[in-house]
Amino acid sequence: MHLPSSLVLLAASLSMGMDAGKGKGNGKNCKGLDVLAKKAGLKYFGAATDSPGQRERAGYEEQYPQYDQIMWDSGEFGQTTPTNGQKWLFVEPTRGVFNYTEGDIVTSLAKKHGMYLRCHALVWHSQLAPWVESTTWTADELRKVIVEHVTKVARHWKGQCYAWDVVNEALNEDGTYRESVFYNVLGEEYIKLAFKTAAEVDPKAKLYYNDYNLESPSGKTAGAQRIVKMLQAEGIKVDGVGLQAHLIAENHPTLDQHIDAIQGFADLGVEVALTELDIRLTVPATAENLAQQKEAYKNVVGACVQVEGCIGVTLWDFYDPFSWVPYVFPTEGAATLWFEDFAKHPAYDGVVEALTNKTSRGKGKGKGKGGKRANLWTA
Ligand code: XIL
């Protein structure tokens, strides 16, 4: 999918643990997104990335030098997440046989470049090893399987993960539980078990519940709040809620909706992060849908900046050819901030505006709790 940078000009004219956080490019003149995010009070602005040569990245080797420069050396990003390497399918493909080769690729790059690392994901129904799904488990056996997986994996990366997505996508859209193998055998107990185990193994990592469609208030956000409260009521450590933020340019939430959703979680005393941000549009990209995308990025990043307790933003890759979107949503694409020719989307400027206080405050909401962030916005 080649999207010429002339489109950008057109759209622009229309709308116009850790030793982390020390990413390069933080010099005085650097205006990378991570630099701006830190000035706005966030911990980081990051981009998830996959292992070179794998999946969406296969066949694009010529682009790697320019990609790597932006990813690791530009000041744009101060955090990363492996998009695939730590998932159950790769880490424990056969029961009791652990393989950290893939997961170590991106995690060691994060370390090398002094970036925050979000680790993803311990218990998830998707990209699960087939043996977990195809076995008829007794409750006791499945408990053992979860405890062994979480223990071994969290121990392998102990001390390196700023945060772990402990449970991913446990909810249906109406807030009821998804009928995964874990839920079908153990009910909500599997969530408690996963968090409890992760907390024992890596007590310093922030433990997150992570899901999509949590970016504006709904039955699903109520469900995620219920999970947080359930863990808190049992004294089980839960530190954050990850809003994946796989959004749609042509039909995106308002700034106020984002603020309300984020605040709803922050009010429970947990932190919030945008963990997999991308905003897809119906291809081809046009001046119009790129302008909608710009507004959508500005709203969601602006809401994170405005609500005290929203601590960081992660793009689910920053480069269109490496995005998962066209593979899963065949009529959609151009979801990231960089086109195939490395020109920036107009939405990049939307993010910059959000990070530099140019998002108008939504109807008096999101003032935060009187901390530094609120002052920034009234300045
Ligand atoms: C995606 C990866 O980016 C793809 O490479 C892979 O083929 C499928 O998974 N929610 C998640 C992520 O939590 O792990 C998913 O990542 C995107 C949706």
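From the list ASN168, ASN184, ASN172, exactly one residue is out of contact with any helix residue (DSSP H, G or I) (no Cβ under 9 Å at 6 or more places or on another chain) and surrounded by fewer than 21 Cβ atoms within 10 Å (Cβ to Cβ). Which is it?
From the options ASN168, ASN184, ASN172, the qualifying one is ASN184.
Would it be correct to say that ILE105 is within 16 Å of the ligand (Cβ to nearest atom), in a helix (DSSP H, G or I) and aliphatic (A, V, I, L, M)?
Here the answer is yes, as ILE105 does meet what is asked.
Residue-wise test of (1) within 17 Å of LEU36 (Cα to Cα); (2) modelled with pLDDT of 55 or more; (3) more than 16 Å from the chain's Cα centre (by Cα).
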| position | (1), (2), (3) |
| --- | --- |
| GLY309 | no, yes, no |
| TRP316 | no, yes, no |
| ALA334 | no, yes, yes |
| ASP341 | no, yes, yes |
| ALA347 | yes, yes, yes |
| LYS358 | yes, yes, yes |
| LYS372 | yes, no, yes |
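Please return the ranges of helices (runs of 4 or more DSSP H) entirely within segment 150-250 where 1 or more residues are under 22 Å from the mean Cα position of the chain (by Cα) and either more than 14 Å from the ligand (Cβ to nearest atom) or modelled with pLDDT of 95 or more (or both).
Filter on segment 150-250 gives 189-201, 219-233.
Of all the residues that make up segment 115-149, how many are crowded, with 16+ Cβ neighbours inside 10 Å, in a loop (DSSP other than H, G, I, E, B) and either under 19 Å from the mean Cα position of the chain (by Cα) or within 16 Å of the ligand (Cβ to nearest atom) (or both)?
4
Just to be sure I understand, how many residues within segment 47-98 are of a type in the set (Phe, Trp, Tyr) and away from the ligand (no atom under 16 Å from the Cβ)?
Summing the residues that are of a type in the set (Phe, Trp, Tyr) and away from the ligand (no atom under 16 Å from the Cβ) in segment 47-98 gives 4.
Can you tell me how many residues within segment 251-269 are acidic (Asp, Glu) and part of a loop (DSSP other than H, G, I, E, B)?
Residues that pass the stated criteria total 1.
The values are calculated or read from the model by the stated rules, or taken from the named source; none is laboratory data. Just so you know, these numbers come straight off a predicted model, no measurement behind them. Because the Cβ atoms are built from the backbone with ideal geometry, glycine has one as well, and the counts that use them run over all protein chains shown.
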